[in-house]
Amino acid sequence: MRIAVIGAGAMGSVYGGLLSERNEVWLIDSRSELVERIREEGLLIEEEGSSRLYRPRASLSAEGLPEMDLVILFVKAFSSEEALRKNRKLIGKGTRLLSLQNGSGHEEILGKFAERERIIIGTTEDNGAVLGLGHVRRGGGGKTNVGMLCEDREAFLPRLKESFDACGFSVRIYGNIQQLIWDKLFINSSLSAVTGILQVKMGYISANEHAWNLCCALIHEAAEAARALGLCAEEEEIRERVRRTSLSSPGGITSICADLRDGRRTEVDTISGSVVRAAQRLGIEVPCQRFVVDMIHAMEERGCQAGSL
């Protein structure tokens, strides 16, 4: 399979590297020093205490590259549309687009570049960390969960599964992928969002009464929106799952928390923001989720304002 991975950060490198074992893979990234390193020295991936060198192809853009069978997005969600627009030459009539990004609603962006039957959305339980230029660590072989918005008439998903599984991934195909995406969204739009606002580690949420109360209010609103969409959302079960997540990783730092700490833009618009947009379409009030979106954006913009106290 001919595959382009847009975004050669930790996860893009993990997928691009492993998939290059049995596929023609192009890593597309705007950082010239990274592209040059991969071209000259390959991509080093550490996993379970050992290191292996992979040789995906690398490019700064789609210029001069052929159309792909599959394009995988591994950029921050707020950069998706720009990344696809800049690399539009990769997308032909038969190209599938795949998003494994955090949050929900990515199909709205992908739909601007491909027909509905060529859009694949999902989640990944894999994780990765950048150790250096062209050097990443794969933290675990979790499942890659995928599904389509309509019937897979050309049976592309089994082909994707066969290709990915042969390269060390574990793909599961879902008939209702939106349920799985929202199951992950319940955690990110509550626990992760609150850790970002409070700038605390994950364990604080279950340990502090007030943080937990806010988390539960956010879960309630997200669950109401999900049920209105026809999805399953048992609030007691979701609360327990969020609580276990907090307890099992007390020292964990969420991406929203880290982004705000380091002065970066967050993906809140595809996390809490996607709950707000769904609720608005359905006529449901979600004031706590709206507060979270506004608060996180206000925190993002603190460094942009002139003057000081």
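The values are calculated or read from the model by the stated rules, or taken from the named source; none is laboratory data. If you're wondering where the values come from, they're calculated on a predicted model, not measured in any experiment. Neighbour counts run over all protein chains shown; Cβ positions are idealised from the backbone, glycine included.
Taken together, 256, 271 contain a single residue that is among the β-branched types (Val, Ile, Thr), over 13 Å from residue 197 (Cα atoms) and touching a residue at least 40 places away in the same chain (Cβ under 8 Å), which is 271. Against the list (1) assigned to a strand (DSSP E or B); (2) modelled with pLDDT of 95 or more, the condition residue 139 fails is (2). Filtered by the rule that a residue be buried (at least 22 other Cβ atoms within 10 Å of the Cβ), assigned to a helix (DSSP H, G or I) and touching a Lys or Arg at 6+ places or on another chain (Cβ under 9 Å), the stretch 247-259 gives a lone residue, 257.
Taking the criterion of being without any contact (Cβ under 8 Å) to a residue 24 or more places away in the chain and surrounded by fewer than 13 Cβ atoms within 10 Å (Cβ to Cβ), the residues of the stretch 37-63 that qualify are 40, 48, 49, 50, 51, 53. For the stretch 29-50, the tally of residues that are within 22 Å of the chain's Cα centre (by Cα) and of a type in the set (Ser, Thr, Tyr) stands at 1. Being touching a strand residue (DSSP E or B) at 6+ places or on another chain (Cβ under 8 Å), over 25 Å from residue 137 (Cβ atoms) and assigned to a helix (DSSP H, G or I) is a property that residue 65 lacks. One residue is enough: does the stretch 66-88 have a residue meeting the conditions modelled with pLDDT of 95 or more, surrounded by fewer than 20 Cβ atoms within 10 Å (Cβ to Cβ), closer than 26 Å to residue 166 by Cα and not charged (D, E, K, R)? Yes, the stretch 66-88 has at least one match. Residues of the stretch 271-296 that are over 15 Å from residue 226 (Cα atoms) and either aromatic (Phe, Trp, Tyr) or in contact with a helix residue (DSSP H, G or I) (Cβ under 7 Å, 6 or more places away or on another chain) (or both): 288, 290, 291, 292, 293, 295, 296. Residue 249 satisfies every condition listed in (1) on the phi > 0 side of the Ramachandran plot; (2) in contact (Cβ under 8 Å) with a residue 40 or more places away in the chain except (1).
Among the residues of the stretch 15-62, those that are outside any strand (DSSP E or B), touching a helix residue (DSSP H, G or I) at 6+ places or on another chain (Cβ under 8 Å) and of a type outside the set (D, E, K, R) comprise 19, 23, 56, 60, 61, 62. One residue alone among 265, 277 is among the basic types (Lys, Arg), in contact (Cβ under 8 Å) with a residue 60 or more places away in the chain, within 23 Å of residue 76 (Cα to Cα) and outside any helix (DSSP H, G or I), and that residue is 265.
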